[in-house]
């Protein structure tokens, strides 16, 4: 076999293999192998088992943000033109003090539970404001009784 | 020894599948070509190529880096292909590619200066002849052929990869080239 024949056969053989590896089904097999065994693991919430609940939750959050906020902003706030009548306690609360014996554990400070109920009137309707302090955190609840045709 | 794949191999050794995926992306064609060169059977070659990568990933911790990753990979590939060829019974011939879809694939390009319908038909005919010629070789002969003509390894490297003497490599290669030359003689000139 001459050198030129040998070279020609080599070129032919290499072309044959080059065409083989370019086939679409071979490239597809490569992609499938990588995606099935050697791709980055998805976070658990992106796995198919979680995809439907996750999408539902994402949808609910988006709905709340996009639709819920403008609706909330449309609710009239009954704070203007209000007149407040305060109901004072009938008699003053006596001041109590005590002295602990030396060595006794100090009692934890207790905040007296203060409840403040106020009535207010706004152009929407009668309003009741209920305020209570839990430790240092004030919690305020407002009831509004809108008059007919005001909402 | 400077191995360009060293950093990816180190990452893959820690269990990083994505890093190994990059190695698969880089070397899939090489592995497939070597395996197909030995088996000469498309579906079997796809399966063996996949098994090779899975095996290499499993055994990556045992890879000490004395040879380049690429060298280790084609050695595993050619030996996996030869094992597969020996497992098959003679009745289940590996010497058949999937001819059903051969009409859709591009033909082997030899001197395609003005490919008209006649040229394309001739090239398709040439591919069939080449298929038939390769079929007549044993898996051992094909292994030597693919390592020499495709991977361009030296006789020493082929001998080390296959665990045979250099003289055996040379005689197998001579036989394989002669056989292909005989079968293609005249046909190629006609094209």
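Name, by its number, the condition in (1) crowded, with 16+ Cβ neighbours inside 10 Å; (2) modelled with pLDDT under 75 that does not hold for residue B:96.
Here residue B:96 meets the rest and fails (1).
Residue B:29 - would you say it is assigned to a helix (DSSP H, G or I), more than 10 Å from chain A (Cβ to nearest Cβ), closer than 30 Å to residue B:128 by Cβ and modelled with pLDDT of 95 or more?
For residue B:29, the condition - assigned to a helix (DSSP H, G or I), more than 10 Å from chain A (Cβ to nearest Cβ), closer than 30 Å to residue B:128 by Cβ and modelled with pLDDT of 95 or more - is not met.
Which one is modelled with the lowest pLDDT among residues in region B:42-65 that are touching a helix residue (DSSP H, G or I) at 6+ places or on another chain (Cβ under 9 Å) and assigned to a loop (DSSP other than H, G, I, E, B)?
Looking at residues that are touching a helix residue (DSSP H, G or I) at 6+ places or on another chain (Cβ under 9 Å) and assigned to a loop (DSSP other than H, G, I, E, B), I get B:65.
Quick check on this structure: which one of B:60, B:23, B:39, B:73 is more than 30 Å from residue B:127 (Cα to Cα), more than 10 Å from chain A (Cβ to nearest Cβ) and crowded, with 18+ Cβ neighbours inside 10 Å?
Step by step, each of B:60, B:23, B:39, B:73 is checked, and only B:60 is more than 30 Å from residue B:127 (Cα to Cα), more than 10 Å from chain A (Cβ to nearest Cβ) and crowded, with 18+ Cβ neighbours inside 10 Å.
Matching residues to (1) modelled with pLDDT under 90; (2) outside any loop (DSSP other than H, G, I, E, B); (3) closer than 20 Å to residue B:184 by Cβ:
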position	(1), (2), (3)
B:86	no, yes, no
B:92	yes, no, no
B:103	yes, yes, no
B:109	yes, no, yes
B:123	yes, yes, yes
B:127	yes, yes, yes
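The values are calculated or read from the model by the stated rules, or taken from the named source; none is laboratory data. Keep in mind the model is a prediction, meaning the values are calculated, not measured. Heads up, the Cβs are rebuilt from the backbone with ideal geometry, glycines too, and the neighbour counts pull from every protein chain shown.
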